[in-house]
Every structure is written in C-alpha cells, then in structure tokens.
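The values are calculated or read from the model by the stated rules, or taken from the named source; none is laboratory data. All figures in this text were calculated on a predicted structure; none of them were measured in a lab. Cβ coordinates were reconstructed from backbone atoms using ideal geometry, including for glycine residues, and neighbour counts include every protein chain displayed.
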Amino acid sequence: MSPPATLAAGATCTVSVTFTPTAGGVRSTSLFLSHDGGASPHSVPLQGTGISVGGLVVGVPITTSLLTSAPPGVCNYGAPANRYQFSLASQTTLKLDLTSNAFDTYLCLFNSSMTPVDYSDDWGAGLNSHLAATLNAGTYVIEVTSFSGSGNGTYTLALNQATIPGPGAISTGQTRIGNLTGAAPASACNSGSPADSYPFSLPSTTTLTIDLASSAFDTYVCLRNAVTGSTIAYDENHGSGTNSRLAYYNLSVGSYVIEVSTQSPAHVGGTYSLSLQSAFPPSKPIALGGKLAGRLSTTAAEGRYCQDPADRWSFHLDAPTTITIDLTSTAFDTEVCLLDADRNNGIDYNDDYSGGGTNSRLSLSNLPAGDYVIEVSASYKSANPGGAYTLTLSSSGGMALTGNRRYNHRGTGVEGRGRRTLPRD
C-alpha cells in the first residue's frame, strides 16, 4: 500500500515494493521516504536478481551448459540455475528428462506464479532427473540446476509429449509412464484403491529397486508373486515427498507383478512414472580423500539405515582401511550412517556425539575392502530438516569404532514405515 499522508506518533504502515526485472543479473536501488520528523529522507537499500528465461518448445531438446555463475534459482535452496519457460494451449501429458555426464542433475517445474509443481533429483539407475505430469493449459517454468549447487557443465533438457499405452509388462532398467484412473481393477494389496498392474520375470536372483512417482496423487506400490498372488512387500512413502520406493535384496527367480495404486483421498489417481532397476537405489560417488558439498532436501527419499530423508553417497576400498567420515552443516543437526553396498545392511551411525556441536563423525579402524554407502540425514532433534552440508571421507584419524553401533538394525531387507516383507534368505 502507499504510505498515508499523515502517520500518528508510534504508528506504522507497510510499503510494498515489486521487483520486475527486464534482464538477468543483480539490480540494486534504494527506497526513499521523505517526512517532516527529522533526518529526512530515510533510505532503504533494495536488491534483487533477475533470472533470464529461455524459451523451450515441446519436442525440441536443448543441449547447453550450466555455469557456477548462473543466477540463483528458486529450487534446491537457491542453487545456480538456468531457467526455461514454455506454454501449453490445452491440457497435455508431458515428460521432462534432464541428463548430464558432467554433473549430478536437479530439475524443478513451476507454474506461472512460481509455485512448485514437482521436482526430481535422481531417477532410475543413475544421477539424471525425470518428471512426468499432466498439465493444464498455461505457462510453466523449468529450472535446471545441480544437486550440489556447484555442479557445472554440459546437459541436455528434453520436453516431450508422453505416450501412455496403458499398463503392461515392464523389464528391469525400464521406466513406464501411466495414468491411474478409477476404472482400473481393484488393488489386491491396497484396499479400496484402483490399481494398474505391471508383470515381470526374473531369470536369476536379483536385487531390485522399484520407484513410483507422481505429482497428481499420493502413491502406493506393491510387489506380488504372479503365481500365488501373495503380497511380498509394499511401500507408501519411502520415495521423495509422497512417492514410493521399494528396495528388495536378492529376489528369487520367478514371475512377479508390480501394482500401482493410490493413497490420496477418494483414491484419486493421475499421471505417474514407474521405474524398475536391478540394483539398490542410486548413490552419488565420493572418493577416499574427497570433500564434497551437498544439499539435503526435506522431501528426499528416505534412507535405508538413516530412515529420515537422506542423501546416499558411495565409495570403494581396495584394502582394509581406517576411515573417518565427517558430516558438517550450519543449516541442520546432522546424522551420518554407514552401510555395506552389497546388502545395504547398517554398519554404524553417528548423530552429533563425535563431530563437534551438531556435526557428525564416524571413525572406523580397518574397514574391510569392499563397497560402501554413506547416508546423510538430519537428526530427529534438528529444528531444520535439511539444507547445505559438507561430507568428508578421509583415511586418517580412525583409532577405533566410535558413535552408536546398530549393526543390522535398520537396513536389513525392506524395512521401515509403510513396508512389509516376508522371509527371503
């Protein structure tokens, strides 16, 4: 509002300022308030950053580069981002794919008011990003950024109209896009919900990760035996946000069915993406001696040992090694967990007893040669459930196992809220 001509002593008023940049970059100015109360005028410094918006056409991929000097975006805690705009004349089902060999991608979709529609960090077997959604007519904005906020290099962004052939067979390594409607058959494991079914077969014992994601409804995924019809495992919300994730160690040879259903009120469905991968969930690489930055999203997929939203990092040891894992953050109270990569069993964890303040440290002597996974999470005591952090993996300082040892307590098999499993070993 405009300030009143007369303001009583001790009274206040609000002055609203709208920033409408016509070009990218930082813009600075001052707001001057003239008055007769002495020391007039008062000045208030103002600064805003204009983000250049590029055009994007459905069906025409863009290959370009992300620079660390790019303007800060809205998604992923303001990480440097390239921004694109596109318009739809009518309701359309689209798929967005962001791929890069140079950095760990992060993709965000907004409506014209910059209200988030959906986001994607890692999808499928790697560190690329994927979204599928049915969007109404209107204008939308895409932000391309990196997971770490410091990633840079060449990427390809593809926006395509999605073809939805209906549910059917799925193979490991594949992503299927579907549309769950009330006309679908009733679910065999999620009472009252319609369900789409995707059969698959395994010729050998295989570790699997099933991801189900949708911006239209609260997802629910079931794994069933195709011969007996029995439910093997299910999950509601261990994926990012309200998405679902099932990770299953060494599923036996046989025929199976994945059921896609909904937990939304009135069993509302919509467009979804379903991924079937022959491995545990993807992790970001960190080398011995490495020090890397990350940004923990409050809606990240839940960990297997740190069961709150967690980022996964992986490393390899060629020989028995004494290691120290340091997790530091000024944004949240940290928790770090260590798992073996083969079964994703928990080895050890530390909240904030060894890292100083609310930071975390794990020191382990003579950790055997092999592959390992680090999970980065926020402690249950943290007032802020996410933000920027630094993860360091070193081969010095480990005199003994320290922290809180919880061997095989969390990460064995498919566990946690919203999951059920049967014996399998």
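The table for this structure:
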{"item": "Test result for residue 262, of a type in the set (Val, Ile, Thr) and outside the structural domain of residue 359 (by TED's automatic domain parsing)", "result": "yes"}
{"item": "Residues being at pLDDT below 90, buried (at least 20 other Cβ atoms within 10 Å of the Cβ) and in a strand (DSSP E or B) - total across segment 390-404", "result": "0"}
{"item": "Answer from 370, 387, 418 - the residue that is at pLDDT 90 or above, surrounded by fewer than 17 Cβ atoms within 10 Å (Cβ to Cβ), on the phi > 0 side of the Ramachandran plot and not assigned by TED's automatic domain parsing to the domain that holds residue 244", "result": "370"}
{"item": "Residue list for segment 261-288, restricted to those being touching a residue at least 40 places away in the same chain (Cβ under 8 Å) and under 15 Å from residue 192 (Cβ atoms)", "result": "261, 262, 263, 264, 267, 268, 269"}
{"item": "Matching residues in segment 164-215 - criterion: being buried (at least 19 other Cβ atoms within 10 Å of the Cβ) and in a loop (DSSP other than H, G, I, E, B)", "result": "167, 170, 184, 187, 189, 190, 193, 195, 214, 215"}
{"item": "Residues of segment 1-32 that turn out to be touching a His at 6+ places or on another chain (Cβ under 9 Å) and either in the same structural domain as residue 73 (by TED's automatic domain parsing) or modelled with pLDDT of 75 or more (or both), as a count", "result": "2"}
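Yes/no matrix, rows are residues, columns are (1) in contact with a Lys or Arg (Cβ under 6 Å, 6 or more places away or on another chain); (2) over 17 Å from residue 284 (Cβ atoms); (3) of a type in the set (A, V, I, L, M, F, W, C):
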position	(1), (2), (3)
344	yes, no, no
351	no, yes, no
362	no, yes, yes
374	no, no, yes
391	no, no, yes
